[in-house]
Amino acid sequence: MNKEKMSDSGFTLVELLVGLAISCIVIVAAYSFVLTGLRSYDMSRKAAELQEETQFIENAIVDAVENGKAASSDISSVTGGGATWTVFDTGYQKVCYDGSGQLALYDLTDSVGSDIKKHLLSGHVTAFNVAYVLDEYETDPSTGAVKTALAAGEKSGLVEVEFEVTLNGKTDRIVKKYKFRNK
């Protein structure tokens with residue numbers, strides 16, 4: 001009688017295979033769910049890093065322009081540290097781009113290109129351009145009429161800054177106009 005009870009208490013091979021198949025399906029589904037969550041997190045993290053980087057650069061430029069003076073500002077090219085830099089001197093600080101991704105912020109007394117680690121804003125800038133643009137209410141002092149264009153070499157109290165940041169395979173392009181407070 002003891003032998004009969006033992007033979008009825010085990011699992012058959014078919015039951016084991018069905019159980020194993022169900023377990024595999026559950027494991028694959030769980031792995032897929034976790035993998036999708038990790039990918040989504042990674043994409044969100046990369047987007048947040050890019051947004052943080054561009055916001056940091058924009059804040060530095062805003063500070064330099066708002067504390068600068070239109071009358072003493074200048075846009076030029078300077079050779080320093082083995083590179084040719086586009087330099088936007090706001091009369092408060094110099095925003096400098098070396099053409100290879102490095103955007104730096106120097107004090108007026110600092111030499112452009114020196115001690116880049118100390119002055120580096122970002123190493124991920126893929127384009128940078130700055131130009132004086134016409135303020136829509138700017139008038140010609142001689143005629144009093146609203147200007148339609150800036151004369152060659154003329155500065156205005158308004159600058160247009162364009163920069164592009166590429167980080168983690170994502171790119172963000174910012175084009176903004178900034179007005180000097182101290183014009």
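What to note about this one:
- Note on region 47-133: Cα convex hull, mean projected area over all directions, 5.7 nm².
- Using alpha carbons only, the radius of gyration of region 91-149 set against its Kirkwood radius gives Rg/Rh = 1.21.
- Nearest-ten-degree value, helix 13-66 long axis tilted from longest Cα axis of the chain: 10
- Using equal-weight Cα scatterers in the Debye expression, the normalised intensity of region 35-84 in log10 at q = 0.32 Å⁻¹ is -1.02.
- Among 90-97, 111-118, the order from most to least packed when residues are scored by Cβ within 10 Å on average: 90-97, 111-118
- Segment residue 71..residue 29, full-extension length gain: 8.6 nm, with 0.36 nm per residue of separation and the alpha-carbon distance subtracted.
- Calculated from the alpha-carbon coordinates, the chain shows an Rg and a Dmax of 30.7, 120 Å respectively.
- Per residue of the chain, the DSSP helices (runs of n ≥ 4 H) give a summed -39500 (n - 2.57) that works out to -12500 deg cm²/dmol at 222 nm.
Here, each number is a calculation from the coordinates, and none is a lab measurement. The structure displayed is predicted, hence computed values, not measured ones. Cβ sites come from the backbone with ideal geometry, for glycine too, and all protein chains shown count toward neighbours.
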